[in-house]
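Have a look at the structure below, then the notes.
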Number of protein chains: 2
Amino acid sequence: MKTFYLPPRDKWEKLCLRPVLPKDEIENTVRDIIQKVKSEGDKALVYLNKIFGGTGTDTIRIDNAEISRSSEAIPERLKTAILLAKSNIEKFHSSQIISEGIVETMNGVRCWRKSVPIEKVGLYIPGGTAPLFSTLLMLAVPAKIAGCEKIIVCTPPDESGTVNPLILYTASICGVSDVFAVGGAQAIAAMAFGTETIPRVYKIFGPGNQYVTKAKEMVQTEGVAIDMPAGPSELLVIADETADPDFVAADLLSQAEHGSDSQVVLLTTSNKMLEMVRNAVDRQIQSLERKEKAQKSLENSLLIQFETTGDCIEFSNLYAPEHLIISTADALVIAKKVTSAGSVFIGRYSCESIGDYASGTNHTLPTNGYARSFSGVSTDSFMKKITFQEVSAEGLAGIGPAVETMAEAELLTGHRNAVTIRLNSLKND
Amino acid sequence: MKTFYLPPRDKWEKLCLRPVLPKDEIENTVRDIIQKVKSEGDKALVYLNKIFGGTGTDTIRIDNAEISRSSEAIPERLKTAILLAKSNIEKFHSSQIISEGIVETMNGVRCWRKSVPIEKVGLYIPGGTAPLFSTLLMLAVPAKIAGCEKIIVCTPPDESGTVNPLILYTASICGVSDVFAVGGAQAIAAMAFGTETIPRVYKIFGPGNQYVTKAKEMVQTEGVAIDMPAGPSELLVIADETADPDFVAADLLSQAEHGSDSQVVLLTTSNKMLEMVRNAVDRQIQSLERKEKAQKSLENSLLIQFETTGDCIEFSNLYAPEHLIISTADALVIAKKVTSAGSVFIGRYSCESIGDYASGTNHTLPTNGYARSFSGVSTDSFMKKITFQEVSAEGLAGIGPAVETMAEAELLTGHRNAVTIRLNSLKND
């Protein structure tokens, strides 16, 4: 881990830069895949499943019987844990549905907004060694709460064409409409444009490898909404001398194990804490199953000592971390000063893993500094807000002349006429 | 205008397709402009102002004295109208700030969200024949209400390097931090990456020509957020036999005058209404200053007769219009059935122009069918939501074992350890 002691303020911006990832190399490949899916539909999906995943079957839609059976394969203990997480996620995401009142901006001019579910949404769940059922929970639960009518899931199948039962079980308890055994850029293209089997959706959610990310970026320019831009996962910890160095080390490692491009950062006012955390990381990493990934990630990572916790939070706001753990004596006070972060974990017992799985907050969060302008996924992400206005004759009489004046100043006489013709009709009444 | 009588349902989707605009031709030009601004900063801006706008000066930042003076050039009547609009926009957009409570998802697990302003935002206001001060109102007012610290405006100067006083006046009353006399793709690049004079911002808002639109699309893939994808403006009117055909015609024309690519659509259950509106359009268009633009736009436009108002609203939801006027006897009932639209105008006196300028709702709205998944600009657009969680020792004891189980099932032992090490410490206490 790279260590910095009391870095001068003019170096902060540079310290906030994330490792730059190679771009655009894969753009042509992804463009070809999208084109192929657009023109050949299901046929392209079956072909690409074979090429990229070695999948031998040509079934795309997982049938309901297989989904029902999935429950049998899951240990009771794990099912109980998933249901607990689901319940917490439901509680928090239900609280995000708020109906707003009508605002009478002038006599007879009434304005309001209404949240309406996005009718069709697509969730991408990556495959690979571990089945990310937690990500499916984080996306399908708010989609259902929002009231989306069609919630489809795409996830890569294994060589026999089947999808991990944990994904199927989670889909079944969350009210997912359909699961499709398709992965990669082709899955994104299928959800964006539709095929014979996979319906076109209006918004696509979920993490993925660089092909998936590039495909989401590309279909976004063709009218499909996406959750947010993607980047490697990150954790920043602010710890003072009251923190437990073993807890902090475990938190840093929990993030580092995500992948070699994950970034972890420790900010502390205590030189002693910095050394103790470094030692604890060296000790704990030995027992990790993903030790190599974590080790690689730590090479990019930062330990920084600052003069005050005020400096720590200021640096953190500049960095805009995806996850922020505050383990200080006055954690709640520091938390009030956060202006840019995805999700914040307050106090010694609030570890990131709890939010990753079960506290109730969402784990789909802005990385790579995007927390400066983006929110994490929430129930809002599955809805859009429509504005309404109702103007009475009295309202028109009050507001009309101002609109006429402004439309004229913008040289839009058609806009003015729509008001004038109505005002005249009032005079004639 | 193209007319369809009782089109069969399987033709609806095709009728909802917007005219396709040529894409990507300008991509290389815009890429070069962005690169030039990135590498040369202000120098590139001065050069490009000269090349594209014929501007002879090299001043980029409009000085405060010029902004203060702008008020003198504006007629009192217009200033009063602008202040009225501003007040209504403020009322409606202030009502959108809602603080949410804390949710205790389990004993000792407390979760909440907080809305925080995006620190720096950039507003683009197009130049051209008409100074779009109304768009500046629609963007700067919610930015200020959200609490954005830095609100900058870029807008193209005229040949003498000056910016229209109406834009400057509006900027001054809305609390804009700085106005820069730069237009086009170069303005978007400057706000996205910063130059010596123009600060980098985290989110860019505002309409523009195809170069501006393409530049927004391109910087979006480099970590800068944008308001929403752009497309030509649209209006759909649902009218029954109780509507006033002159009002409807004036509304259709108010949209058509925006530009030759604007689309206007009339849905009606009354054949007689359809004919009366067509005649009124032919009559009213003669007196429009932008007659030619409107005429061109009408060529792409649709008059459709449906059997029932139920069919009308169903078609409208499929079309997802930017603006929707409902002029029927039961307008409020129909409005409750809207599932996709940007902004809805209810009843005979609620013309679109009122919302464009002054009712209080925002006029920056999703076009081109994006209303299926996007909301219009609101105060929310200038904020991001950060989630927080605080887990007590009791909370950890309750939730910890479930998190351990799930982390293990996802093969993330580091995630599990962060919980285990804390649970063990509780046992030792």
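The values are calculated or read from the model by the stated rules, or taken from the named source; none is laboratory data. Computed from a predicted model, the values in this text were never measured in an experiment. No Cβ is skipped: glycine too gets one built from the backbone with ideal geometry, and neighbour counts run over all protein chains shown. What goes into the accessible areas is simple: the full protein's heavy atoms, side chains included, and nothing from ligands, DNA or RNA. Shrake-Rupley method; radii C 1.70, N 1.55, O 1.52, S 1.80 Å.
Here is how the number arises for the protein assembly as shown: DSSP H runs of 4 or more residues each give -39500 (n - 2.57), the sum is divided by the residue count, and the result at 222 nm is -13500 deg cm²/dmol. In the elastic network of chain A, a GNM with C-alpha springs shorter than 10 Å, the most mobile of A:Lys336, A:Lys296, A:Lys91 is A:Lys336. Dipole magnitude for the range A:99-240: about 400 debye, using +1 per Lys or Arg Cβ and -1 per Asp or Glu Cβ, origin at the Cα centre. Working from the Cα coordinates of the range B:283-429, the gyration tensor eigenvalues give, after taking √(5λ), semi-axes of 56, 18, 16 Å in decreasing order.
Note on the protein assembly as shown: Kirkwood radius taken over Cα pairs, Stokes-Einstein applied at 25 °C and 0.890 mPa s, translational D equal to 86 µm² s⁻¹. In chain B, the beta carbon lying closest to the axis that superposes B onto A belongs to the residue given here with its whole-angstrom distance, B:Ile98, 3. Stretching A:Glu100 away from A:Asn279 to a fully extended chain increases their span by 59.2 nm, per 0.36 nm per residue minus the current alpha-carbon distance.
When the Gaussian network model of chain B links Cα atoms closer than 10 Å, the mean-square fluctuations of B:Gln96, B:Gln286, B:Gln305 top out at B:Gln286. What a 1.4 Å probe finds exposed on chain B is 50% carbon and sulfur by accessible area, rounded to a whole percent.
Between beta-carbons, use under 12 Å as the cut-off and find the net charge around B:Tyr124, counting Lys and Arg +1, Asp and Glu -1. Write down the numbers at each step before the final one.
Working: positive: B:Lys203, B:Lys216; negative: B:Asp227.
Neighbourhood net charge equals +1.
Between A:Asn28 and A:Glu196, residue separation times 0.36 nm minus the direct Cα-Cα distance comes to 58.0 nm.
Taking both sides together, the accessible area buried where B meets A is about 10500 Å² for a 1.4 Å probe.
Evaluated over the Cα positions of the range A:191-278, the convex hull gives a direction-averaged projected area, one quarter of its surface, of 7.7 nm². Here is the size of the range B:1-92 from its Cα atoms: Rg then Dmax, 23.5, 62 Å. Here the dipole of chain B is about 400 debye; that uses its Cα centre as origin and unit charges on the Cβ of Lys and Arg (positive) and Asp and Glu (negative). Placing unit charges on the Cβ atoms only, positive for Lys and Arg and negative for Asp and Glu, gives the protein assembly as shown a dipole magnitude near 60 debye about its Cα centre.
Based on the Cβ-Cβ distance of A:Lys336 and A:Thr221, what FRET efficiency does E = 1/(1 + (r/R0)^6) give at R0 = 60 Å, to the nearest 0.05?
On the way: r = 39 Å, r/R0 = 0.65.
After rounding, the FRET efficiency stands at 0.95.
Of the residues B:Gly355, B:Leu136, B:Leu15, the one whose Cα sits farthest toward the positive end of the charge dipole of chain B, with +1 on the Cβ of Lys and Arg and -1 on the Cβ of Asp and Glu, is B:Leu136. Can you list the residues of the range B:64-99 whose accessible area drops by at least 30 Å² going from the chain on its own to the full set of protein chains, with a 1.4 Å probe? Those are B:Arg77, B:Leu78, B:Ala81, B:Leu84, B:Asn88, B:Lys91, B:Phe92, B:Gln96, B:Ile98, which lose 30 Å² or more relative to the chain on its own.
With the alpha-carbon atoms of chain A aligned to their principal axes, the span from lowest to highest coordinate is 87, 60, 44 Å, starting with the largest. Of the Cα atoms belonging to the range B:250-305, the radius of gyration and Dmax stand at 10.7, 31 Å. For chain A, the residue among A:Ser87, A:Ala239, A:Ser287 whose Cα projects farthest onto the positive side of the dipole built from Cβ charges is A:Ser87. Annotation for B:Lys43 and A:Ala393: the two label points, set 7 Å from Cα along the Cα-Cβ direction, are 6.7 nm apart. Relative to its Kirkwood radius, the Cα radius of gyration of the range B:136-251 gives an Rg/Rh of 1.08. Averaged over its residues, the range B:83-142 has an accessible area of 34 Å² per residue, based on protein heavy atoms and a 1.4 Å probe.
For the pair A:Asn271 and B:Gln210, a Förster radius of 56 Å applied to the C-beta separation gives a FRET efficiency near 0.50, rounded to the nearest 0.05.
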